[in-house]
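One structure is given below, encoded as structure tokens.
The values are calculated or read from the model by the stated rules, or taken from the named source; none is laboratory data. All figures in this text were calculated on a predicted structure; none of them were measured in a lab. In this analysis, Cβ positions are derived from the backbone assuming ideal geometry, glycine residues included, and neighbour counts consider all displayed protein chains.
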Amino acid sequence: MTVSNKTAILTGAGSKRGIGRATAHALAAASWNIAILDLDEASAKEAADEVAERHQVQTAGIGCDVTDEASVEAALAALDGSMPPVGALVNNAGITSPTRFLDVTGEEWDRIFAVNVRGSYNITRRIAPGLVERGFGRIVFLSSVSAERGGGVFGAVAYSAAKAAELGFARALARELGPNGVTVNSVAPGFIETDITGGALTGERKAQLVAQIPVGRGGNVHDVADLITFLCREESSYITGVTYDVNGGSHVH
């Protein structure tokens, strides 16, 4: 089997300037068929159409709330039979929170964990058995430098804790699924210019942030998308349980 007869699922990839959509394009350029699941169904379908037009691969865009098991089940049921078998899953859907710990409510804490951690569980738990059965799979988690350095540009304690949970999730899952030909890795971006960060960081604050990055610039979505695509290659079968930093050297450890 080659990636041209497999489907890569990406969650939260509807945003026009987000890491998820850039990754969908990068994977499609590498011949993967693409299924985009996003809370915003219109954005998911628009992204899928854009990828199909540009790369001539099969695509699907489906509305899905990853925090809701029934919604995930329905979205994946819509793919069954209409797309090639799933070979890769990119757990990209996530939300951040700048709320300081002394101000964070239980409700906000649960919401951050629901999207970032429970959402990843809901879809990974449904997809993993098929990958194991077919003897091939690539799972990538989008974590954050915040998980490693304890907070970042935007994320405070709740976000950092959730993103750190994803790292532990990925590492343990890599041990469990490795014997079945399934690799599980994480990517931890630093400052990346996306829809989330683009409007929030301007002028002097952005200049101060970039000044602390050794390579002298903020990251772009392609810096992350290309790495994820590398990890999803058939040739990357000996790389698992690893966290890849994409931060321009702003956090070295």
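Can you spot a residue in the stretch 91-99 that is among the polar types (S, T, N, Q) and over 17 Å from residue 11 (Cα atoms)? Checking the stretch 91-99: at least one residue is among the polar types (S, T, N, Q) and over 17 Å from residue 11 (Cα atoms). Pairing each residue of the stretch 52-71 that is β-branched (Val, Ile, Thr) with any residue that is assigned to a loop (DSSP other than H, G, I, E, B), provided the two are 6+ apart or on different chains, yields C-beta distances under 7 Å for 57/31; 57/32; 66/93. For beta carbons closer than 6 Å, sequence separation of 6+ or different chains, a first residue in the stretch 145-166 that is within 19 Å of residue 122 (Cα to Cα) and in a helix (DSSP H, G or I) and a second that is small (Gly, Ala, Ser) and at pLDDT 90 or above, the qualifying pairs are 159/146; 163/143; 163/144; 163/146; 163/147; 164/147; 166/143. Go through the residues of the stretch 85-100 one by one and say whether even a single one is part of a helix (DSSP H, G or I) and either over 24 Å from residue 226 (Cβ atoms) or in contact (Cβ under 8 Å) with a residue 60 or more places away in the chain (or both). Looking for residues that are part of a helix (DSSP H, G or I) and either over 24 Å from residue 226 (Cβ atoms) or in contact (Cβ under 8 Å) with a residue 60 or more places away in the chain (or both), one finds none in the stretch 85-100, hence no. If you go through the stretch 1-51 and keep only what is of a type in the set (Val, Ile, Thr), more than 19 Å from residue 221 (Cα to Cα) and not in a strand (DSSP E or B), you end up with 2, 3.
Selection of first residues in the stretch 26-50 that are farther than 21 Å from residue 115 by Cα and of second residues that are basic (Lys, Arg) and part of a helix (DSSP H, G or I), restricted to Cβ pairs under 9 Å at least 6 apart or on distinct chains, gives the following pairs, ordered by first then second residue: 28/54; 29/54; 50/21.
Out of curiosity, is residue 113 under 30 Å from residue 251 (Cβ atoms), in contact (Cβ under 8 Å) with a residue 12 or more places away in the chain and surrounded by fewer than 17 Cβ atoms within 10 Å (Cβ to Cβ)? Reasoning before the result, please.
Numbers: under 30 Å from residue 251 (Cβ atoms): yes; in contact (Cβ under 8 Å) with a residue 12 or more places away in the chain: yes; surrounded by fewer than 17 Cβ atoms within 10 Å (Cβ to Cβ): no.
So residue 113 fails the test.
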